[in-house]
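Please treat every number below as a calculation from the coordinates, not as lab data. The structure presented is a predicted model; accordingly, all values stated were derived computationally and were not measured. FYI the Cβ positions are ideal-geometry reconstructions off the backbone, even for glycines, and counts take in every protein chain you see.
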Amino acid sequence: MAFVDDTIEVEADIREVYDVWTAFEDFPKFMEVVERVDLVPDDTLHWVVVVEDDVIEWDADVVEHLQDQSVSWKATDGRETGEVKFEKVGAGRTKVHYQLEYDPKAWDGEPEKIRRWTRSRVEKDLKAFKAFIEKPE
């Protein structure tokens, strides 16, 4: 298994950060490779991503929602589990802590290349989330 553990602080109230992050269908607005995330019955997310012209799809169950604290998920095929935690760090400032455990061998490609790509992708997505949530109205 491989791990990604990354954190970013954003200039936004924790409630807004939590609400935006848990609007899963909006992930394509700040996650570059995500084409679509569909919420299907029983808190299951159907992911569609495009990586180097390859369309990849999988399902993940949302296993826990704690309002303004965290959301966690587990892929139905076991390829990954993850959690995003939210922490108020000041007036209108929130820390977003993203943790992902995944099996690089479950994805097509060289495992070390997948590790590097995943670390880079999480970092870029968190930066894009920060820009998205901090954008002027």
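A few comments on the model shown:
- Remark: the chain carries a charge dipole of roughly 580 debye about the Cα centre, counting +1 on each Lys and Arg Cβ and -1 on each Asp and Glu Cβ.
- Its alpha carbons considered, region 13-61 gives a radius of gyration followed by a Dmax of 11.8, 37 Å.
- Toward the positive end of the charge dipole of the chain, with +1 on the Cβ of Lys and Arg and -1 on the Cβ of Asp and Glu, the farthest Cα among Val4, Val71, Thr81 is that of Val4.
- Against the chain, whose longest principal axis comes from its Cα atoms, helix 111-134 is set at around 30 degrees.
- Contour excess over end-to-end distance, with Cα ends at Ala91 and Asp19 and 0.36 nm allotted per residue: 24.2 nm
- D (Stokes-Einstein, µm²/s), Kirkwood Cα radius, region 2-134, 1.567 mPa s at 4 °C: 85 µm²/s
- In nm, spacing of pseudo-spin labels at Asp5 and Val63 (7 Å Cα→C-beta vector): 1.7 nm
- Members of Lys29/Lys135; Lys74/Lys113; Lys85/Lys105; Lys113/Lys135; Lys85/Lys135 lying beyond 24 Å, as alpha-carbon distances in this model show: Lys85/Lys105; Lys113/Lys135
- Residue among Ala60, Ala23, Leu126 farthest towards the positive dipole end of the chain, charges placed on Cβ: Leu126
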